[in-house]
Amino acid sequence: MTSWTVDNSHSSIGFSVKHMMVSKVKGTFEEYTATVEAADLADLTNANISFVIQTASINTKSEDRDNHLRGEDFFDAERYPTITFQSKNIKKDGDDYKVTGDLTIKDVTKPVTFDVEYNGKATNPWGVETYGFEGSAKLNREEFGLTWNTALETGGVLVGKDIKIELELEVNPAQ
């Protein structure tokens, strides 16, 4: 097995959630580490994939909203500084993969499956092999203890319960 790390400068971990029942708020986590251990990144079926995301690094382009998300109503970043993911089962699905693993948010661990697309392999200008992947998953935030909400005068709620997670990953051999 070879160990690979995500190149954060060419990768992103993002999410979107319904806002006021009429639009979506998008955001990213700016600080994270990820490791992939695999014999061959072109075949992830026997890989071991893990992520550690710093909850305080959330960025939705609104300082007030980000501070609220870091607080006790949502991530409680001081008490729960990380979100983690550890793969448990990876199945090939045509040219793509179903990566199922344990996602932990606020000490609540639940299985989540990411649909992962292999984007190919290239050698960068410094001679380093680089692989690209895209992934997405949908989860119910309330199942992870992220239950804060407020009713709207016009009906509905301020924050949707379904979160879409989107990954854009470029991985290189671990240094």
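Kindly flag which residue pairs out of LYS110/LYS161; LYS24/LYS164; LYS106/LYS164; LYS88/LYS110; LYS24/LYS110 have an alpha-carbon separation exceeding 22 Å in this structure.
LYS24/LYS110, as the Cα separations exceed 22 Å there.
Under the Karplus relation 6.51 cos²θ - 1.76 cosθ + 1.60, θ = phi - 60°, what is the ordered set of whole-Hz ³J(HN,Hα) values for the stretch 130-136, x standing for Gly and Pro?
9, 10, x, 9, 10, x, 8
Please sort by residue number the chymotrypsin sites (Phe, Trp or Tyr not before Pro) in the stretch 49-129 whose DSSP state is loop and whose Cβ has at most 13 other Cβ atoms within 10 Å.
On the way: sites: PHE51, PHE74, PHE75, PHE85, TYR97, PHE114, TYR118, TRP126; in loops: PHE74, PHE75, TRP126.
Within the stretch 49-129, the qualifying chymotrypsin sites (Phe, Trp or Tyr not before Pro) (loop, at most 13 other Cβ atoms within 10 Å) are TRP126.
Taking Rg and Dmax of the Cα atoms in Å straight from the coordinates, which label in [x] 21.2, 69; [y] 17.1, 58; [z] 15.3, 45 is the correct one?
[y]
Only helical DSSP H runs with n ≥ 4 go in: add -39500 (n - 2.57) per run for the chain, normalise by residue count and round the 222 nm mean residue ellipticity to 500 deg cm²/dmol.
Helix-only estimate at 222 nm: -1000 deg cm²/dmol.
Out of GLN54, TRP4, MET20, whose Cα points farthest toward the positive end of the dipole of the chain (charges: +1 Lys, Arg; -1 Asp, Glu; placed on Cβ)?
MET20
Work out the charge dipole of the chain with +1 on the Cβ of Lys and Arg and -1 on the Cβ of Asp and Glu about the Cα centre, then indicate which of THR33, LEU169, PRO111 is farthest towards its positive end.
Toward the positive end, the furthest listed residue is PRO111.
Size of the dipole of the chain about the Cα centre, Lys and Arg at +1 and Asp and Glu at -1 on the beta carbon, nothing else charged, in debye to 20?
My answer is approximately 400 debye.
Per residue of the stretch 163-171, in order, report the coupling 6.51 cos²θ - 1.76 cosθ + 1.60 (Karplus, θ = phi - 60°) as ³J(HN,Hα) in whole Hz, putting x for Gly and Pro.
Using θ = phi - 60°, the values come out as 10, 9, 9, 10, 10, 10, 10, 10, 10 Hz.
How high is the relative contact order of the chain, given as a whole-number percent (alpha carbon pairs under 8 Å, six or more residues apart)?
Across the chain, relative contact order equals 26 percent.
Modelled label-to-label distance, HIS10 and ALA151, 7 Å Cα→beta-carbon offset: nm?
Inter-label distance under the simple model: 5.1 nm.
All of the numbers you see were taken from the coordinates with simple rules; none came from a lab. All values derive from a computational prediction rather than experimental measurement. For neighbour counting, all protein chains shown are included, and Cβ atoms are generated from backbone atoms with ideal geometry for every residue, glycine included.
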